[in-house]
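Would you mind keeping the following structure in view while I ask a few things?
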Amino acid sequence: TIPDTMFPDGRTFSSDMPAMFSTGITYQIFPKLLLSGSFNYYFDRAEKLRYGKTINREYVRNISVIDKNSYEIAGGLEYKITDKLLVSGGYLESKNSVNSYYQSDQSFSLNSNTFCFGGAYNIKDNMQINLGY
């Protein structure tokens, strides 16, 4: 039997990169308030793409393991408290539509919702400390 490894010795397989559409916007609402957003769309399910996934030990195209293309949408706010100090926060939603054949112990994809916040402090005109969580 062939061992079930991610990189079998002597075998080659495709691990293609999908096409991607990406756009973003930043808008200064007020002098102290900045709004930003972005949208990323991944054409994962293209007919000829392969990510090196297998079904019954045979390499298959993405259309066999991905039901729909994936996307990410994000937004953020930045508020300048003073000329030296600002705070920020954001959100990212990531959606994919992989099916059970895509998931494995060695490679998997999950939907996610991410919240973040942070801040920055200007020590000098050309030096800033950034913290984020």
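Expected output is a single nm value to one decimal: the length gained when fully extending between ALA19 and THR82, i.e. 0.36 nm times separation in residues minus the C-alpha distance. What is it?
18.5 nm
Roughly speaking, what is the stretch gain from MET127 to TYR59, that is 0.36 nm per residue apart minus the C-alpha to C-alpha distance, in nm to one decimal?
Here the segment from MET127 to TYR59 would lengthen by 19.4 nm.
Could you tell me the accessible area of ARG11 in Å² (1.4 Å probe, neighbours in place), rounded to the nearest ten?
110 Å²
Under a plain spin-label model, where a point goes 7 Å from the Cα along Cα-to-Cβ, how far apart in nm are LYS32 and SER97?
It works out to 4.5 nm between the two label points.
How high is the FRET efficiency from TYR71 to ALA120, r the C-beta distance, R0 30 Å, rounded to 0.05?
After rounding, the FRET efficiency stands at 0.55.
If you don't mind, there's one more thing I want to ask. At a 10 angstrom cut-off on C-beta neighbours, averaged per residue, how do the peptides 26-36, 96-106 rank from highest to lowest?
Packing proxy ranking, top to bottom: 96-106, 26-36.
Oh, and also: Hey, what's the chain come to in accessible area per residue, 1.4 Å probe, Å²?
Result: 74 Å² of accessible area for each residue.
While we're looking at this one, here's another question. Could you rank the peptides 112-118, 61-67 by their average count of other C-beta atoms within 10 Å per residue, with the highest value first?
61-67, 112-118
Within 15 Å, Cβ to Cβ, of THR26, how many net charges do the neighbouring residues add up to if Lys/Arg are +1 and Asp/Glu are -1?
Summing Lys and Arg as +1 and Asp and Glu as -1 gives +1.
Give me the percent relative contact order of the chain, please, defined on Cα pairs under 8 angstrom at least 6 residues apart.
18 percent
May I ask you to rank ASP9, ASP44 by accessible area, largest first, using a 1.4 Å probe over the protein chains only?
So, going from the largest accessible area down, we get ASP9, ASP44.
The values are calculated or read from the model by the stated rules, or taken from the named source; none is laboratory data. Only a predicted model underlies this, so the values are computations on that prediction, with no experimental measurement involved. Here the Cβ is made from the backbone with ideal geometry for all residues, glycine too, and neighbour counts use every protein chain on show. Side chains are part of the model used for accessible areas, which takes the heavy atoms of the whole protein and leaves out ligands, DNA and RNA. Shrake-Rupley method; radii C 1.70, N 1.55, O 1.52, S 1.80 Å.
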